[in-house]
Amino acid sequence: MMAPVCYSKAMRMAARFLLPFLMAISPPAFAWGPQGHEIVARIAADNLTPSAHLRISQLLGGDAPALMVLDSNWADEIRADRPDTAAWHFVNIEIGAKGYDPRRDCPRDDCVVAQIGRDAAALRDPRADHAARLDALRFLIHFVGDLHQPLHAADRHDKGGNSFAVFEGRRRSNLHRVWDQDVVEALGPDAMSVAGGIERGISPQDKGHIAAGSPTDWANESFQVAAHEIYARLPSNGPVRLPRDYTDREKAVVRQQLARAGLRLAAMLNTIFR
Ligand SMILES: [Zn+2]
C-alpha cells in the first residue's frame with residue numbers, strides 16, 4: 001500500500017541471500033503496508049499448484065514462497081523511481097456510486113483493476129522477455145493485495161481516506177494509514193504466522209468459492225466493504241477519534257480481505273502457469 005520504503009535496493013539484494021536466516025528469526029513488525037502484502041503473498045504461495053510453484057521459482061530465481069513474500073512490496077519500493085506507476089495501486093470509486101464503472105473510475109485504463117489485467121496478460125505472453133515477465137509478476141503479487149485493501153477501492157472525497165484525519169488515543173493518523181497498517185498489525189507481529197492462522201481457518205471447499213470472480217468483481221466487493229464496514233460507521237470525514245478497540249473490532253474483516261487476496265492471487269497464478 002502507500003507504505004514507506006522498507007528495503008533499499010542493496011538491502012533487497014542482501015536479503016535475497018540472507019532470507020532463510022532472516023525468516024528463522026522473529027521478523028520485524030513491518031507494517032497492507034509491508035506486512036499486509038507479505039501475508040497475502042504467503043497465502044498465495046501456499047496455494048500454488050506444483051506447476052505454478054516451479055515456474056514462479058524459475059522466474060524469481062529462487063524458492064517461490066520466500067521470494068514472493070520478499071518481492072510483495074517491490075511495487076511500493078520503486079514508486080519514487082516510477083511515478084508512472086502511482087495510479088496502478090488503487091481505484092477511486094466514489095461512495096454513493098453503485099459500483100465500479102471503468103469509464104468513470106479508471107480513466108486511460110490507469111488504475112489497479114486495469115493494471116492487474118495488463119500484468120496477467122504480460123505473464124501469459126510467450127513473446128514477453130524475462131525482465132517484462134519478472135516486473136509483471138512482482139506487480140501482480142502486489143496489486144491483487146492492494147485491490148483488497150478496501151480504501152484502495154473507495155473514496156469519499158478524501159483521497160481514499162488519506163485526508164481523513166483520525167486520532168488513535170493521542171496519536172494523529174489518517175484513515176487510510178490505519179487500514180494499510182494498524183488493522184493488519186493488530187493481527188499479530190509475525191506475518192508468516194498470521195498467514196498460517198488465516199489459512200487454517202478456511203476449509204478446502206471454501207477456498208474454491210473465495211477464489212472465484214474477476215478483478216472487477218473484487219473491486220466492487222472491496223468498495224462495498226469500504227462503504228458499509230468503514231465509511232458508514234464514520235459519518236463525517238474527520239477528524240474523528242477512533243474507538244480504543246477499533247482495530248480489534250475490524251480483525252474479522254481484515255482477515256477476510258487478506259484471505260481473499262491471497263487465494264485469488266494463487267488462483268490467477270495457477271491459471272497463468274498451468
Ligand atoms: Zn501499493
Cα centroid separation, the stretch 104-162 to the stretch 203-225 (Å): 16 Å
Mean-position separation - Cα centroids, the stretch 62-83 and the stretch 249-274, in angstrom: 17 Å
Karplus-derived 3J(HN,Hα), 6.51/-1.76/1.60, for each residue of the stretch 256-267, Hz, glycine and proline x: 4, 5, 5, 4, 4, 4, x, 5, 6, 4, 4, 4
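Please give me, ordered by residue number, the GluC sites (Glu not before Pro) of the stretch 183-272 that lie in loop per DSSP and have at most 14 other Cβ atoms within 10 Å. Provide the component values of the computation, followed by the final result.
Numbers: sites: GLU185, GLU199, GLU221, GLU229, GLU250; in loops: GLU250.
Filter output for the stretch 183-272: empty list.
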Sequence-distant residues sharing a close amide H with VAL166 (under 5 Å, placed H): SER173, ASN174, LEU175, VAL240
Cα gyration tensor, the stretch 70-186 - rounded (a/c under 1.5), prolate or oblate: oblate
Cα-projected label distance for ASP46 with ARG104, points at 7 Å along beta-carbon direction, nm: 3.9 nm
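Could you order HIS152, HIS157 by accessible surface area, starting with the largest, using a probe radius of 1.4 Å? Write out the running numbers ahead of the final one.
Details: HIS152 0, HIS157 155 Å².
Putting HIS152, HIS157 in descending order of accessible area: HIS157, HIS152.
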Accessible-area composition of the chain, carbon plus sulfur, in percent [1.4 Å probe]: 56 percent
Residue order for ILE202, ILE230 - accessible surface, 1.4 angstrom probe, largest first: ILE202, ILE230
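Rounded to the nearest 0.05, what FRET efficiency is calculated for HIS157 and ALA212 with R0 set to 35 Å and r the Cβ-Cβ distance?
Details: r = 32 Å, r/R0 = 0.93.
After rounding, the FRET efficiency stands at 0.60.
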Tensor-based shape of the stretch 29-272 (alpha-carbon gyration tensor, a/c under 1.5 rounded, otherwise prolate or oblate): prolate
Listed residue (VAL225, GLN181, PHE90) projecting farthest to the positive dipole end of the stretch 29-272, Cβ model: VAL225
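Just to confirm, what accessible area per residue do you get for the chain at 1.4 Å probe, in whole Å²? It would help to have the intermediate numbers written out before the result.
On the way: 12360 Å² over 274 residues.
Counting only protein heavy atoms, the per-residue value for the chain is 45 Å².
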Total charge dipole magnitude, the stretch 29-272, about the Cα centre, Cβ charges on Lys, Arg, Asp, Glu only, Debye to nearest 20: 380 debye
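The values are calculated or read from the model by the stated rules, or taken from the named source; none is laboratory data. Because the structure is a prediction, the values reported are computed rather than measured. Reconstructed Cβ throughout: ideal geometry from the backbone, glycine too, with neighbour counts over all protein chains shown. Ligands, DNA and RNA are excluded from the accessible area calculation, which covers all protein heavy atoms including side chains. Shrake-Rupley method; radii C 1.70, N 1.55, O 1.52, S 1.80 Å.
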